[in-house]
Amino acid sequence: MLSRSTEAYQTQAVDVHPAADRLWFELWRSQSIERRWQRISGLQRQGRGLALWAARQRLPATASELAIAQEFARAMLGDRGGEGRPERLSYGGDPMSWQQDQSAILAQLHELFEQQSIPYLVTGGQAAIIWGEPRFTTDLDILLAIEGAQLSALTETLESAGFYVAEPLHHTINIIHRDRIDNADLIVSQQTPFERSALERRYRVEAPGIPVHYIATAEDVVLAKLLWRRGSRSEKQWRDCLGIVKIQGDRLDLAYLATWAERLSLQDDLRDLLSAGGL
């Protein structure tokens, strides 16, 4: 069994006092999911608005709207899209639509997946900030339980709905909406025992002002991020996990975490995480 300790409590940043860190998380934990979503959405809109402003500053005053869109896409999406690099694609929409949060893409993809009976869940950074510490992210990682025949049909549907669909790379398909200039990484499930468990336990988000969608549970987000971190030792993954532990606290299913940590050889990582998070 995993032991609990508060001796190794770790703040989210080196310049934050432990008492201030604990107080901030206590206050954030008290907020409703609607209030937390409003904060997260505000961060996304603010970040995208600043990125659009910066894109305009890098271009001549006479730059066309398409040139601005392509520069904004380059900044927001990086090298996503494979051969169809974001800055080379054509875009529609307008500057107002480019600055929106991820509500629209979540709602649109949820409807498409439901229509085609494709089980899915949102994981990665977007799921982490729902369960844990809010931060700006452009990542939208979605795990799909999909067969080969369904994949072809889904690609056609996505393209008809305004998405650019890149060629699959390592079981991941990047899609970019041409009007909103937002994107998602569709991860084709390899049907590992852990992925099957996560899909079976997925959580349906349904609250006023929030688009209906499915996300990985807090426990499965933590386990997935610890797995991703194992090779990279990424501080971002660790901080996301810390945020989830501090917000969810005793609501976490520690027995489930311990079981899967053993199966995934993450026992030491999980023990360190729970200790650092105050459990």
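Only the coordinates and a few stated rules stand behind these numbers; no lab work does. Just so it is clear, the structure is predicted and the values come from calculations on it, not from any experiment. Backbone-built Cβ (ideal geometry, glycine too); neighbour counts: all protein chains shown.
Rounded to the nearest 10 degrees, the inclination of helix 218-232 to the longest alpha-carbon principal axis of the chain is 80 degrees. Counting beta carbons within 10 Å around each of Asp185, Asp141 and listing the fewest first gives the order Asp185, Asp141.
Among beta bridges identified by DSSP and lying wholly in segment 31-216, the antiparallel ones come to about 80 percent.
The angle separating the long axis of helix 254-263 from the principal Cα axis of greatest extent in the chain is about 70 degrees.
Each other residue within a Cβ distance under 14 Å of Arg180 adds +1 if Lys or Arg and -1 if Asp or Glu, for a net charge of -1. Considering only Gly249, Gly231, Gly162, the mean-square fluctuation computed in a Gaussian network model of the chain, springs between alpha carbons under 10 angstrom, is largest for Gly231. Ranked by how many other Cβ atoms sit within 10 Å of their own Cβ, fewest first, the residues His213, His17 fall in the order His17, His213.
Please tell me the relative contact order of the chain in percent, rounded to the nearest whole number, where contacts are Cα pairs under 8 Å and at least six residues apart.
Working: 407 pairs, mean separation 68.1, N = 279.
Answer for the chain is 24 percent.
Length gained on full extension, Ser234 to Glu206, computed as 0.36 nm times the residue gap minus the Cα-Cα distance: 7.0 nm. Extension gain, Asp268 to Ala161: 0.36 nm times the residue separation minus the Cα-Cα distance gives 34.0 nm. Counting every other Cβ atom within 10 Å of each residue's Cβ, Thr217, Thr123, Thr138, Thr192 order from fewest to most as Thr192, Thr138, Thr217, Thr123.
Placing R0 at 51 angstrom, the Cβ-Cβ distance between Met96 and Asp15 gives a FRET efficiency of 0.90 after rounding to 0.05.
What's the extension gain from Leu151 to Arg56 if we count 0.36 nm per residue and subtract their Cα-Cα distance? Display every interim value, and only then the final one.
Numbers: separation 95, 0.36 × 95 = 34.20 nm, distance 3.72 nm.
Gain in length upon complete extension: 30.5 nm.
Hull surface divided by four, with the convex hull built on the Cα atoms of segment 199-246: how many nm²?
Details: hull surface 16.5 nm².
Result: 4.1 nm².
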